Amino acid sequence: MVAGAQRRPDGRLDQQVRQRLGHWPQRPPGLEPSFKQPGTWLRARPDLERKVTQPYLKFPGADRLKTLPDGLYLHFSTKVAEPYVDILCIEACSTYQNLLDKRSRFAPSTGSLLAVCPLEWLLQPGMPGNNIPRWRLIRMLKTEPRGDLVLPVRDARVLFALKPSHFRGFMATQTAHAHEFFCPMDALTAEDGAKNPALRALLARASSASNYMEVPDRPPAAGPRRDPGSRSPLG
């Protein structure tokens, strides 16, 4: 190998990971419902059942540079007046350089990340053997969409899968950011990976509710609405 050359990602490994993820359930395994995320979870990528344009991520104004995670789950708001999605991305990284590149895409920044759900994806059923189109499962949509659904990302969590030696080295020497989670690659390539108790426990910690010591069964009752022009008690 030429000095300084970078190893390319393993396309066969990526394909194997996508094949496995394509059989995962519509809700991220291990992630329990809570009032912090009461809406609909849908597996956006990969879709092995139908050859349609799958959802992707981008920054506002960018019509060419798109982020296409190996795996992508979307949690949709339930409120028409407050549209958003939470995302859980799954990225298989076969090299350190690949990991650095993918981490940079989800680094905290002042930019607004958008999730784009193509119209054809919304109109297709989300589950084999079920003819209900995806858009009907998204409670904030009251009528059939006529174009792509573009939503701001409220919360992003990312699961990075690394080769065993890379996983051990990263775990020993690096510190994960609050939105990052790491697992060995074989947790994703295993045939029953979605049933792995350790992986399910890890993904359970990727919930937005996991940041709180206590989470009630339902949101607290809304107090009286303040006049926007009234003075704050704090001055």
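Read the figures in this text as sums done on the coordinates, not as results from a lab. Not measured: the values here are computed from a predicted model. As a convention, Cβ positions derive from the backbone with ideal geometry for all residues, glycine included, and neighbour counts pool all protein chains shown.
Per residue, the chain reaches -5500 deg cm²/dmol at 222 nm when only DSSP H runs of four or more residues are counted, each adding -39500 (n - 2.57). Counting only DSSP beta bridges with both residues in segment 11-206, the antiparallel share comes to about 60 percent. Here the peptides 91-102, 144-155 are ranked by packing, the mean other Cβ count within 10 Å, and the order with the highest first is 91-102, 144-155.
Pop the C-beta distance of Ser109 and Ala176 into the FRET formula with R0 = 22 Å and round what comes out to the nearest 0.05. Spell out each step's value before the answer.
Numbers: r = 17 Å, r/R0 = 0.79.
Once rounded, the FRET efficiency stands at 0.80.
Positive end of the dipole of the chain (Cβ unit charges, origin at the Cα centre): among Ala81, Asn98, Leu188, the Cα lying farthest that way belongs to Ala81. Reported value for segment 12-141: 138 Å³ per residue, from the convex hull of its C-alpha atoms. Net charge dipole, the chain: roughly 260 debye, given to the nearest 20, about the Cα centre with Cβ charges of +1 for Lys and Arg and -1 for Asp and Glu.
Shape descriptor for the chain: Rg over Rh equals 1.00 (Cα atoms; Rh from the Kirkwood inverse mean 1/r). Close Lys pairs in the chain, defined as Cα atoms under 21 Å apart and 8 or more places apart or on different chains, number 8.
Sorted on the mean count of surrounding Cβ atoms within 10 Å across their residues, most packed first, peptides 186-197, 69-80 read 69-80, 186-197. Paramagnetic label reach from Lys79 (point 7 Å along Cα→Cβ; backbone nitrogen cut-off under 16 Å): within segment 30-55, residues 35-40. Charged side chains reduced to their Cβ positions (Lys and Arg at +1, Asp and Glu at -1) give segment 72-169 a dipole of some 200 debye around its Cα centre.
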